[in-house]
Structure formats: structure tokens, C-alpha cells
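Just below is one structure, and these are the notes that go with it.
Since every read-out is calculated from the coordinates, none of them should be taken as a lab result. Keep in mind the model is a prediction, meaning the values are calculated, not measured. Please note: Cβ atoms are built from the backbone with ideal geometry, for glycine as well, and neighbour counts cover all protein chains shown.
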Amino acid sequence: MTPHNHAKPGDYADAVLLPGDPLRAKWIAEDFFDNPRQVNAVRNCLGFTGTWKGKPVSVQATGMGQPSLSIYVHELINVYGVQKLIRVGTAGGLNAKVKVRDLIIAQGATTDSNIVRDAFPGYAFAPLADFSLLRDSVARAEKAGHRYHVGNMLSSDLFYHVEPGLEGYGRLPDHGILGVEMEAAALYLLAARFNRQALAICTMSDCLITGEAMSAEDRQSSLKDMIALSLDVATGA
């Protein structure tokens, strides 16, 4: 056990999905898992384990932002021995070719966070996804007919920028950044540090260019597609 997680050894499967929202973790467990059981509730960052298509899998909420995610991922890896970690969440669109409800599969994650910068004095480390998970997710998304984009995601420590709209992102949209979220770069950094497999898959929930946003109904159906894809990738089902 840790100060943030009271799960027992063996409570987590080798593969864990990582939503930020604890209630989304609960929804994933209750709507997708067979025989789900709660394994963690410290600080209401809920964790569950069950099966998907007969294969063991877990989900653990990480809270918002890279500092919070880093605590849970570090402990999942070093205390509980988790091998595969897949972030599932939503992202804001920074590229006109990415439409609301599209999937963004993050090949890499640019960041403004000192969590990455301070770990490599003198270097600009490039946090990348695990290639085998990336390749499998793209193949499955293609087969399922999902609209998806593969490329660079921005993991930002800021949700509210001083500058309005796209102005807060400087030249990043002009250099192919697909969307912005708040966790993937730290996930990829820790996976690289501890030799684990990691991937981030996000649904584009709103567009910072056009102002378009998903309705509540669209958000729910789009997230179902993303979760089912992520579970297949996590378990190899």
C-alpha cells in the first residue's frame, strides 16, 4: 500500500487504463468490465479490476494534470508491477483537420511542463508512445472505421492561458500539434524511465479553432468507441 493507494499486491492487472476522472473510472468498470471489483478509493481516486473479453484488466483514475498522474503511474509501476498503461481521455483540438469526436492517438507528447524539462538538464527529451501499442491501436481503429489521427499531442500544465484561444499555444499548431490535454507527456516519461509500455488515446471533445464542442450525447457515444478500442489494445483481445 501507499499513501495514495490501498490496493493489495496482485489487485491490479498487468494492463491498466488511466482516465483522469474517478467517475469515468467507475463508469468504465461498471459498463465494460465483467465482474468488476473496487481495489482503491483513497482520496476518491477510484481503481477497479475486472475482465474484458475474458482477459484481466484494470482502470485507475489519476486526477487532473501531470503531477497527479505521475504519482499514480509511479506507484502502479513500482509498487504494483503494472506493465501496460493507456491514458484514455478528452482533448481540445488545435489542428483544423481534427474534427469533434475524432480520436487522437498520441505518437509523441510535447509539453510545457518542468516535470520533463528538469529531468534532463541540457536536453529536450521527446516523450514517445510504445510503438507496439501505437501500431496495434492504429490497426484496430482502421479496421473499426473510426476517424483517427496519429501524431504529436501537447500535454500542458495550464488549462486557462492568459492569452485567449489559440494565442496561448504559440507556434505549436503550425508545427502539427493535433490537440491539447494535460497528462500524456508525464506518462510517456515514466514509461521510458521504468521500461514499460504506454499509450495515450483521446477523443477530441472541443475545437479551439472553431469553438465546436460535443453534446453530452455525442461525448458519451464517442467515449464508448475510445474505451472499447483501448481495452482491446490493453488486453490484446
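Summary of the geometry: region 76-135 and region 174-231, compared by the centres of their Cα atoms, lie 9 Å apart. Helix 22-32 versus the longest principal axis of the chain: what angle, 0 to 90°, nearest 10, using Cα atoms? Tilt of helix 22-32: around 60 degrees.
For the chain, the longest principal axis of the Cα atoms and the long axis of helix 131-144 meet at an angle of about 80 degrees. Highest mean packing comes first when the peptides 22-33, 145-156, 85-96 are listed by Cβ atoms within 10 Å, giving 85-96, 145-156, 22-33. For the chain, lysine pairs with C-alpha atoms less than 27 angstrom apart, excluding pairs fewer than eight positions apart on the same chain, total 21.
Answer rounded, prolate or oblate for region 66-176, using the Cα gyration tensor with square roots of eigenvalues a ≥ b ≥ c: rounded when a/c is under 1.5, else prolate when a/b is larger than b/c, else oblate.
Details: a/c = 1.77, a/b = 1.02, b/c = 1.73.
It comes out oblate by the Cα gyration axes.
Figure the gain on full extension for Leu166 and Asn78 (residue separation times 0.36 nm, minus the Cα-Cα span) and round it to one decimal in nm.
Details: separation 88, 0.36 × 88 = 31.68 nm, distance 3.80 nm.
Result for the pair: 27.9 nm of gain on full extension.
Only Cα pairs under 8 Å and 6+ residues apart enter the sum, and on that basis the relative contact order of region 150-219 stands at 32 percent.
What do you get when you divide the Cα radius of gyration of region 149-192 by 2.2 N^0.38 Å, with N the number of residues?
The value comes to 1.23.
At the listed q of 0.16 Å⁻¹, the Debye profile of the chain, built from one uniform point per Cα, gives log10 I(q)/I(0) equal to -1.12. If you model region 163-232 as an ellipsoid using its alpha carbon gyration tensor, with each semi-axis the square root of five times an eigenvalue, the axes come out at 24, 21, 8 Å, biggest first.
Net charge dipole, the chain: roughly 580 debye, given to the nearest 20, about the Cα centre with Cβ charges of +1 for Lys and Arg and -1 for Asp and Glu. In the chain, the calculated helix contribution to ellipticity at 222 nm averages -9500 deg cm²/dmol per residue, counting -39,500 (n - 2.57) for every DSSP H run with n ≥ 4.
Could you rank the peptides 108-114, 118-124 by their average count of other C-beta atoms within 10 Å per residue, with the highest value first?
Values: 108-114: 20.1, 118-124: 8.0.
Packing order, densest peptide first, comes out as 108-114, 118-124.
Of the trypsin sites (Lys or Arg not before Pro) found in region 154-210, those in coil by DSSP whose Cβ has at most 10 other Cβ atoms within 10 Å are Arg171. Relative to its residue count, region 16-92 spans a Cα convex hull of 92 Å³ per residue.
Length gain on complete extension for the stretch Arg135 to Thr2, per 0.36 nm per residue less the alpha carbon to alpha carbon distance? List each step's numbers first, then the result.
Working: separation 133, 0.36 × 133 = 47.88 nm, distance 3.39 nm.
Working it through step by step, the gained length comes to 44.5 nm.
Every Cα-Cα pair in region 56-126 was counted, and those over 20 Å apart are 47% of them. When you restrict to C-alpha pairs under 8 Å that are six or more residues apart and normalise by the size of the chain, the relative contact order lands at 26 percent. Distance between the modelled labels on Glu30 and Asp206, one decimal in nanometres: 2.5 nm (7 Å Cα→Cβ projection).
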